[in-house]
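Colleague: The structure that follows is given in the form of structure tokens.
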Amino acid sequence: MSKDLKKYLAEVLGTAILVLFGCGTAVISGGNLVATALAFGLAIVAAAYAIGDISGCHVNPAVSLAMLIRGKLTAKEFGGYVIAQVIGAFIGAGLLYAILSLAGGIGTDSLGANGFGEGYGVELNMWGALLVEVILTFVFIYTILGVTSKEKTSHIAGIVIGLTLTFVHIIGIGLTGTSVNPARSLAPAVLLGGTALSQVWVFIVAPFVGSALAAFTYGALNVDVEKKITRIKSKK
């Protein structure tokens, strides 16, 4: 099996785990804020230490976009990662749908889909949802870039990233359900159709915008500091 294929299969597996356990907890717990936030965060921690050495555990097209901008991925690799992540998200959402279909007390009318407007969370309008998702994704991606770019913090990257995903979910669940991940949002929306599908573009566009802003901001603020640290180490 080629190295690239292993990376893509790892991304399929990791994204499926994230969607199944994160969205599954959101549905089964009735949208419980703490339980859902922890489920998404812990899913990332588990995936990071399971597949991190294989693919870097992006499991999120927004993360892969940031890595593309920072020169850590080629355009070809970026395309492969995104395709793998979308496939993984559909597998995770499909498994959740199948499980819920066999359950007597919980329907398949949610699947943890993101949303906004009347009847969803605090009923943000479209612009509010876009702004929230850009901000949440910016914070999430900026943290990822920071913790994975330094050798001294790389060994705790999975824990930090998982805690940050939990952190952004705590405020975001009541606003948009928290996407920060286009693949995680796309799969449930397609399976559900209706309003979820008509709104999903927000949860694709906003995370990509937030990711790009984080990558460019990181390049402007952090790279010179990292180069200075590297020069100091080289003199010792």
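Since every read-out is calculated from the coordinates, none of them should be taken as a lab result. Just so it is clear, the model here is predicted, and its values are computed rather than measured. Please note: Cβ atoms are built from the backbone with ideal geometry, for glycine as well, and neighbour counts cover all protein chains shown.
Colleague: Picking from 217, 143, 178, which is most flexible by a Gaussian network model of the chain using Cα springs under 10 Å?
Modeller: Answer for the Gaussian network model of the chain: 217.
Colleague: Per-residue ellipticity at 222 nm for the chain, helices alone: DSSP H runs ≥ 4 residues times -39500 (n - 2.57), over residue total, nearest 500 deg cm²/dmol? Can you show the working numbers first?
Modeller: On the way: 10 runs with 174 residues, N = 236.
Helix contribution divided over all residues of the chain: -25000 deg cm²/dmol.
Colleague: Between the range 37-97 and the range 160-182, what is the C-alpha centre distance in whole Å?
Modeller: So the two Cα centres are separated by 15 Å.
Colleague: I need 67, 1, 126 ordered by Cβ neighbour count within 10 Å, fewest first. Don't skip to the answer; put the middle values down first.
Modeller: On the way: 67 22, 1 6, 126 12.
The order, fewest Cβ neighbours first, is 1, 126, 67.
Colleague: For 123, 77, 118, 11, what ranking results if the residue with the fewest other Cβ atoms within 10 Å of its Cβ goes first? Can you show the working numbers first?
Modeller: Working: 123 12, 77 17, 118 8, 11 31.
Sorted ascending by nearby Cβ count, the order is 118, 123, 77, 11.
Colleague: Give me the distance in nm between label points sitting 7 Å out from Cα along the Cα-to-Cβ direction at residue 95 and residue 53, one decimal.
Modeller: Here the modelled spin labels are 2.2 nm apart.
Colleague: Can you list which of the DSSP-assigned H helices in the chain have a Cα extent of 27 Å or more along the long axis and an average Kyte-Doolittle score of at least 1.0?
Modeller: Working: long enough: 3-28 (37 Å, 1.10); 33-55 (31 Å, 1.89); 75-101 (39 Å, 1.34); 126-148 (33 Å, 2.01); 202-221 (28 Å, 1.84).
Sorted by number, the helices that extend far enough and score high enough are 3-28, 33-55, 75-101, 126-148, 202-221.
Colleague: While we're here: Normalised by the number of residues in the chain, what is the relative contact order in percent for Cα pairs under 8 Å and 6+ residues apart? Provide the component values of the computation, followed by the final result.
Modeller: Values: 366 pairs, mean separation 64.0, N = 236.
It comes to 27 percent, rounded to a whole number.
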